[in-house]
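Notes for the one structure printed next.
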Amino acid sequence: MSKIIIIGAGSMGAAFSIPCVDNNHDTTIVGTHLEDLFIDQIKKANNKHPVLNVQIPQQVNLVKFRQFNEIINLKVDIIVIAVSSKGIDWVIDRLVSFYKNKLLPEILVLTKGLSVENDKYETIPDKIKKNLAKNKIKISSISAIGGPCLAVGLSNKVHTSVILANEDLKIAKKISNILKNNYYHISYTDDLFGVEVCAAIKNIFSMSVGTAFGKCLEGAKDELKEKIYLNTASSLITQSIFEMELFVKSLKGKKETVYGPAGFGDLYVSSTGGRNSKMGLHIGNGLTFVEAKNTVMKNITVEGADLAFEIGHKIKKDFTIKQLPLMIGMIKSITENEEFKLNWDDFN
């Protein structure tokens, strides 16, 4: 039995606790400083998570962040980071504060994101390692999970296949064996960077694939598009995978990562529903990004759009439109608030 602490009481953190408990691990969910009322709400509802609409097992120790200090003084095997990407800096600050002069246990990152630092692409594990090293905090190692894993599916124990990445393949295998069970299927790889890049950029491609409904036959009625848009969606998924492979390999990631759960698998799930594909649907139907954000998607976070603003300038500098027509086309549509145009002649 391992002692696992999950930071973040949101959908993914709560869902992840379920296979942990089913594997008989001592599991604690620690809410962030913004989740005190949310945790009270869950406890008052007999551990029913209001977003997932499932019961968090009673074996899960659900606590507020002010109790974190006493919890980490116990022997912890794995710290799981399950906050939003905007909360990563906060988590790093807390780890630095709590683990001064101590060895950090294994860290497992569920949070996804990609940024540009000093003109280089930086994944969230990269950012965590850099900031811990800067503060002279020693770490056992850092892993991440990628792949098609909707929290509501995992929380209901739907068969789910993901990939766990660590730069040390033996550690990746060890942690995957700790967490996998008869419904949570975990393969492993040492391509940590490739897994994290795929997990991030698939959100941009999900928006691109989402445009298929509007772009399959422009000007046609919705009833006809509903019957025929899948041809176009398939074409856009194929082009997405081609561009994802080119992008990942250029950054020294592995080709097989793109064709596994973190690439193709995650793209498939994201393209069939969710916020990114919905934004693509509205853009494909003729709205600009700003129009969609101000009307049909007001107050809804679209990760792919946030990423386009975060790394789009570097992608446009590093690659040509002929190399990445779909990716750069969507980035331009988002960041320059212009119509999304498909140049089929540039496709692979």
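The values are calculated or read from the model by the stated rules, or taken from the named source; none is laboratory data. Here the structure is a predicted model, which is why all the values come from computation and not from measurement. Cβ coordinates were reconstructed from backbone atoms using ideal geometry, including for glycine residues, and neighbour counts include every protein chain displayed.
Being touching a helix residue (DSSP H, G or I) at 6+ places or on another chain (Cβ under 8 Å), among the β-branched types (Val, Ile, Thr) and over 23 Å from LYS138 (Cβ atoms) is true for just one of VAL96, VAL83, VAL63, VAL30. Which residue is that?
Values: VAL96 fails: over 23 Å from LYS138 (Cβ atoms); VAL83 fails: over 23 Å from LYS138 (Cβ atoms); VAL30 fails: over 23 Å from LYS138 (Cβ atoms).
Of VAL96, VAL83, VAL63, VAL30, the one residue that is touching a helix residue (DSSP H, G or I) at 6+ places or on another chain (Cβ under 8 Å), among the β-branched types (Val, Ile, Thr) and over 23 Å from LYS138 (Cβ atoms) is VAL63.
Restricting the stretch 108-117 to residues that are outside any loop (DSSP other than H, G, I, E, B) and of a type in the set (A, V, I, L, M, F, W, C), which is nearest to SER84 (Cα to Cα)? Quick ask: steps written out before the conclusion?
Within the stretch 108-117, the first condition is being outside any loop (DSSP other than H, G, I, E, B), and the residues that meet it are 108-109, 114-117.
Filter once more, keeping what is of a type in the set (A, V, I, L, M, F, W, C): 108-109, 114, 116.
Values: LEU108: 14, VAL109: 11, LEU114: 13, VAL116: 18 Å.
Ranking the qualifying residues of the stretch 108-117, first place goes to VAL109.
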For the stretch 155-179, name all the residues that are in contact (Cβ under 8 Å) with a residue 24 or more places away in the chain and either over 18 Å from the mean Cα position of the chain (by Cα) or not assigned by TED's automatic domain parsing to the domain that holds LEU52 (or both). ASN156, LYS157, VAL158, HIS159, GLU167, ASP168, ILE171, ALA172, ILE175, ILE178, LEU179
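Residues are listed down the side, and each one gets a yes or a no for (1) farther than 15 Å from LEU192 by Cβ; (2) outside any helix (DSSP H, G or I):
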residue	(1), (2)
LEU230	yes, no
SER234	yes, no
ILE237	yes, no
PHE242	yes, no
LYS249	yes, no
GLY253	no, yes
GLU256	no, no
Could you please find all residues in the stretch 252-283 being within 27 Å of ASP222 (Cα to Cα) and among the small types (Gly, Ala, Ser)? SER270, SER271, GLY273, GLY274, SER277, GLY280
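Of everything in the stretch 12-26, what is within 19 Å of HIS185 (Cα to Cα) and either surrounded by fewer than 24 Cβ atoms within 10 Å (Cβ to Cβ) or touching a helix residue (DSSP H, G or I) at 6+ places or on another chain (Cβ under 6 Å) (or both)? Give them in sequence order. I'd like the intermediate steps shown before the answer.
Within the stretch 12-26, the first condition is being within 19 Å of HIS185 (Cα to Cα), and the residues that meet it are 12-25.
If the condition is that a residue be within 19 Å of HIS185 (Cα to Cα) and either surrounded by fewer than 24 Cβ atoms within 10 Å (Cβ to Cβ) or touching a helix residue (DSSP H, G or I) at 6+ places or on another chain (Cβ under 6 Å) (or both), then MET12, ALA15, ILE18, PRO19, VAL21, ASP22, ASN23, ASN24, HIS25 are the ones that fit.
Which one is surrounded by the most Cβ atoms within 10 Å (Cβ to Cβ) among residues in the stretch 294-320 that are in a helix (DSSP H, G or I) and among the aliphatic types (A, V, I, L, M)? Even if it seems obvious, please write down each step before you answer.
Quick first cut of the stretch 294-320, residues in a helix (DSSP H, G or I) only: 294, 303-318.
From the residues that got through so far, the ones that are among the aliphatic types (A, V, I, L, M) too are 305, 307-308, 311, 315.
Details: ALA305: 27, LEU307: 25, ALA308: 25, ILE311: 21, ILE315: 20.
Among those residues, the one meeting the criterion is ALA305.
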LEU74: passes all of (1) at pLDDT 95 or above; (2) part of a loop (DSSP other than H, G, I, E, B) but (1)
Qualifying residues in the stretch 118-152 (those that are in contact (Cβ under 8 Å) with a residue 60 or more places away in the chain, over 30 Å from PHE319 (Cα atoms) and outside any loop (DSSP other than H, G, I, E, B)) - the one nearest to the chain's Cα centre (by Cα): ALA151
Against the conditions (1) of a type in the set (Asp, Glu); (2) touching a residue at least 40 places away in the same chain (Cβ under 8 Å); (3) within 23 Å of LYS252 (Cα to Cα), where does ASP77 fall short? Just the number, please. (3)
Of the residues in the stretch 175-202, those that are under 21 Å from ALA15 (Cα atoms) and in a helix (DSSP H, G or I) come to ILE175, SER176, ASN177, ILE178, LEU179, VAL195, GLU196, ALA199, ALA200
Given (1) of a type outside the set (S, T, N, Q); (2) out of contact with any Leu (no Cβ under 8 Å at 6 or more places or on another chain); (3) touching a residue at least 24 places away in the same chain (Cβ under 8 Å); (4) assigned to a helix (DSSP H, G or I), GLU291 misses just (3)
Quick one: how many residues across the stretch 321-333 are surrounded by fewer than 22 Cβ atoms within 10 Å (Cβ to Cβ) and either over 19 Å from LEU236 (Cα atoms) or β-branched (Val, Ile, Thr) (or both)? 2
Say whether the condition of being under 14 Å from ILE81 (Cα atoms), within 19 Å of the chain's Cα centre (by Cα), assigned by TED's automatic domain parsing to the domain that holds THR111 and buried (at least 16 other Cβ atoms within 10 Å of the Cβ) is met by at least one residue in the stretch 32-50. yes
